[in-house]
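Please read the structure below before turning to the comments.
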Amino acid sequence: MSPSKTNAISVPQDRESAVALLADYGATLRELDRLELDMNDKIASIKLASSAEAEPHRVKVEQLERALQAYCEAHRKELTRDGKVKTADLDVGKVSWRWNPAKVTIRGKEESVVDQLKRSESEELKKFLRPSVEIDRVAMLRNPKVAETIEGVEITEGIETFEIKPDSAKVPETSEAAA
């Protein structure tokens with residue numbers, strides 16, 4: 001495979017060239033944003049049209065599901081061989097009955113439930129609280145030499161990055177790249 005070709009842009013040699021290059025950068029970013037917005041508008045329009053076209057199919061699927069489930073519930077005993085199996089093979093597909101696991105749902109704020117449990121005098125209720133222990137990474141950064149003595153802990157130095165943030169209000173609509 002041959003290496004891909006890139007467009008060469010000369011590096012500015014003075015402040016004026018750098019300003020012109022930054023203006024071109026900002027204008028190009030603005031054009032890229034405009035193209036992405038146009039693309040997103042087109043995608044939204046296609047989704048809306050497809051959703052409207054799909055709606056009758058969605059309604060039919062729901063009706064077919066309800067009808068099939070009503071049949072299966074009425075014939076559950078024979079389909080599951082008196083509860084010995086959870087899945088019934090209907091030649092062109094299968095139907096099955098599954099239990100979702102139990103779950104705990106907290107209505108309102110979790111903190112209020114925690115406060116109630118803390119205030120409770122019942123040891124049985126206090127068993128629903130669990131002490132939480134977690135690593136204090138900020139403390140480790142304050143004392144990295146000691147932290148690194150712990151197996152599995154590594155302190156990574158910060159990395160300098162270079163950012164370009166054109167002021168879109170000051171960038172002209174069109175700009176020429178610095179020569």
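Mind checking the angle between helix 110-119 and the chain's longest principal axis? C-alpha axes, 0 to 90 degrees, to the nearest 10.
Value to nearest ten degrees: 60.
Let me have the relative contact order for region 15-157, percent, based on Cα pairs under 8 Å that are six or more residues apart. Don't skip to the answer; put the middle values down first.
Values: 38 pairs, mean separation 8.3, N = 143.
Taking the mean separation of contacting Cα pairs over the length of region 15-157, I get 6 percent.
Using a Gaussian network model on the chain with a 10 Å cutoff between Cα atoms, which of D115, D82, D41 fluctuates the most?
Ranking D115, D82, D41 by mean-square fluctuation puts D115 first.
Describe numerically, in nm with one decimal, the distance between label points set 7 Å from Cα along Cα→Cβ at N143 and at K60.
Label at N143, label at K60, 7.0 nm between them.
Place a +1 charge on the Cβ of each Lys and Arg in region 1-79 and a -1 charge on the Cβ of each Asp and Glu, then give the dipole magnitude about the Cα centre in debye, rounded to the nearest 20.
That gives a dipole near 360 debye.
Run the paramagnetic zone check for A70: 7 angstrom along Cα to Cβ, then residues of region 76-98 with backbone nitrogen under 16 Å.
76
Ignoring ligands, DNA and RNA, what percent of the accessible area of region 97-172 is carbon or sulfur (1.4 Å)? Write out the running numbers ahead of the final one.
On the way: 4250 of 8050 Å².
For region 97-172, the apolar C and S fraction of the accessible surface comes to 53 percent.
Where a Cα-Cα gap under 22 Å defines reach, which lysines qualify for K77, not counting those fewer than 8 residues away within the same chain?
Here the lysines satisfying the reach criterion relative to K77 are K86, K94.
Please determine, in degrees from 0 to 90 and to the nearest 10, the orientation of helix 15-74 with respect to the longest principal axis defined by the Cα atoms of the chain, where the helix direction is its Cα long axis.
Its long axis makes an angle of about 10 degrees.
Could you give the accessible area per residue of the chain, probe 1.4 Å, as a whole number in Å²?
Values: 17170 Å² over 179 residues.
In whole numbers, the chain has 96 Å² accessible per residue.
Suppose every Lys and Arg Cβ carries +1 and every Asp and Glu Cβ carries -1, with no other charges. What dipole size does the chain come out with about its Cα centre, to the nearest 20 debye?
Values: 29 positive and 34 negative charges, 267 e Å.
In total the dipole reaches around 1280 debye.
To the nearest 500 deg cm²/dmol, what mean residue ellipticity at 222 nm is calculated for the chain from DSSP H runs of n ≥ 4 alone, each contributing -39,500 (n - 2.57), summed and divided by the residues?
On the way: 6 runs with 88 residues, N = 179.
Mean residue ellipticity, 222 nm, calculated: -16000 deg cm²/dmol.
Ignoring any ligand, DNA or RNA, what whole percent of the accessible area of region 37-86 comes from carbon and sulfur when the probe is 1.4 angstrom? It would help to have the intermediate numbers written out before the result.
On the way: 2570 of 4460 Å².
Summing carbon and sulfur atoms, their accessible area is 58 percent of the total for region 37-86.
Taking the alpha-carbon distance from K127 and a cut-off under 22 Å, which lysines remain once sequence neighbours fewer than 8 residues away in the same chain are dropped?
Straight-distance partners of K127: K103, K109, K118.
Toward the positive end of the charge dipole of the chain, about the Cα centre and with charges on Cβ (Lys, Arg +1; Asp, Glu -1), which of S96, L79, T156 goes farthest?
Toward the positive end, the furthest listed residue is L79.
The values are calculated or read from the model by the stated rules, or taken from the named source; none is laboratory data. As the structure is a computational prediction, the values presented were derived from the model and not from experiment. Backbone-built Cβ (ideal geometry, glycine too); neighbour counts: all protein chains shown. Side chains are part of the model used for accessible areas, which takes the heavy atoms of the whole protein and leaves out ligands, DNA and RNA. Shrake-Rupley method; radii C 1.70, N 1.55, O 1.52, S 1.80 Å.
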